[in-house]
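Reviewing the structure listed below.
The values are calculated or read from the model by the stated rules, or taken from the named source; none is laboratory data. All values reported here derive from a predicted model rather than from experimental measurement. Here Cβ is always computed from backbone atoms with ideal geometry, including for glycine, and neighbour counts include all displayed protein chains. Heads up: the accessible areas ignore ligands, DNA and RNA and are worked out on the full protein's heavy atoms, side chains in. Shrake-Rupley method; radii C 1.70, N 1.55, O 1.52, S 1.80 Å.
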Amino acid sequence: MDKLYNILDNVDEVYYNDSVNPSLNKTIARNLAHIKIRSPTSQIQHLRLYKSAAEKELMRRSTAASGQAFAATMAHTEPGMLESALEARFELEVKMRGAQRMAYPPVFAAGINANTLHYISNDMVMRDGDLILVDAGGERDMYPSDITRTWPVNGKFSSAQEEVYEMILQVQKTCIERSVADGRTSLDSVHTQAMKLFYDALYKKNLVSSTHEVRRFFPHSIGHWLGMDIHDTPDVHTAMPFRADMMCTIEPGLYFPDTPDVPERYRGIGIRIEDNIIIGPGGAPAEVITHHAPKQIADIEAACQSKSPPHHT
């Protein structure tokens, strides 16, 4: 401790993370009681919130690998497969494109399983007529991607599935368009906008009568910060206004339970669409870096029907 005393001579304040080495905490508290101890976590997270040019390029490469893997995985989707088999296919495809590992435990949720937000069992059979919701991403050079796409197991959306999908897609497009650094807009305000948009759409279908009821079908937030971790900088509040070079997800979804009070055509449908975006400077449009993953219905159905060989990088 003598060396530490010499180093900290005439120092009034020290940044120290007490979660790294708990066994040292008592020693620090006992011997440095005269010095103000502060956690560096907040300052470091605010630094991580803004991406450098090199970080943005790494994220583009990571999301390109994952997005292309989504397209290839759609082409290998067939009724009768296990969700786990499709998960294995995605992992193969994303690693063939340069990812070193999966970024997080993925969700491969067919049919009603999509209504369980963090479903990771991935052990059910995908049936003809089901949708498959896939929330997955690879990690490349220490930077992850976080993408969700939903597509028909048999390669063709039903009319009800298409109706719900287009509703969500329009909400997502509007939310991305409004994710700008204008000094006012934040993830929180974009979430509020998404709730209003979903209310308008669901009210027209007699599914809700108040904005509060939207939470039943859209029970999660519109997005989260993204960076070296999937839910990066968790201590930075989502009410913080967007600024250039921030990165986040935009991921609206709707999940209809299989209950008598839900119109039969919608029962059991669960759809989420998630992209990763970089906030542009001076109110410029955000950059969608997950564009390699098919998102338009026509593109998804084309990818599902494509049996082209996998693409290597």
Complete set of residues in the stretch 204-219 that are in a loop (DSSP other than H, G, I, E, B) and open to solvent by 30 Å² or more (accessible area, probe 1.4 Å): LYS205, ASN206, SER209, SER210, PRO219
Listed by first then second residue, the pairs whose first member lies in the stretch 153-171 and is free of Cβ contacts under 8 Å to residues at least 12 places away in the same chain, whose partner is of a type in the set (S, T, N, Q) and part of a loop (DSSP other than H, G, I, E, B), with beta carbons under 6 Å and at least 6 positions apart or on separate chains, are none
Out of ALA53, ALA103, sole residue that is surrounded by 16 or more Cβ atoms within 10 Å (Cβ to Cβ) and modelled with pLDDT of 95 or more: ALA103
Applying the selection to the stretch 5-45, what residues are surrounded by 13 or more Cβ atoms within 10 Å (Cβ to Cβ), part of a helix (DSSP H, G or I) and more than 41 Å from the chain's Cα centre (by Cα)? ASN31
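Per-residue answers, yes or no, for (1) touching a residue at least 24 places away in the same chain (Cβ under 8 Å); (2) within 19 Å of VAL288 (Cα to Cα); (3) not in a helix (DSSP H, G or I):
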{"position": "ALA71", "(1), (2), (3)": "yes, yes, no"}
{"position": "THR77", "(1), (2), (3)": "yes, no, yes"}
{"position": "ALA85", "(1), (2), (3)": "no, no, no"}
{"position": "ALA99", "(1), (2), (3)": "yes, no, yes"}
Spot the failing condition for ALA65; the list is (1) under 30 Å from PHE157 (Cβ atoms); (2) open to solvent by 40 Å² or more (accessible area, probe 1.4 Å), and only one is missed. (2)
Which of the residues belonging to the stretch 226-251 are assigned to a strand (DSSP E or B), more than 21 Å from ARG101 (Cβ to Cβ) and either touching a Leu at 6+ places or on another chain (Cβ under 6 Å) or open to solvent by 20 Å² or more (accessible area, probe 1.4 Å) (or both)? CYS248
Answer with yes or no whether ILE112 is closer than 19 Å to ILE271 by Cα and open to solvent by less than 30 Å² (accessible area, probe 1.4 Å). no
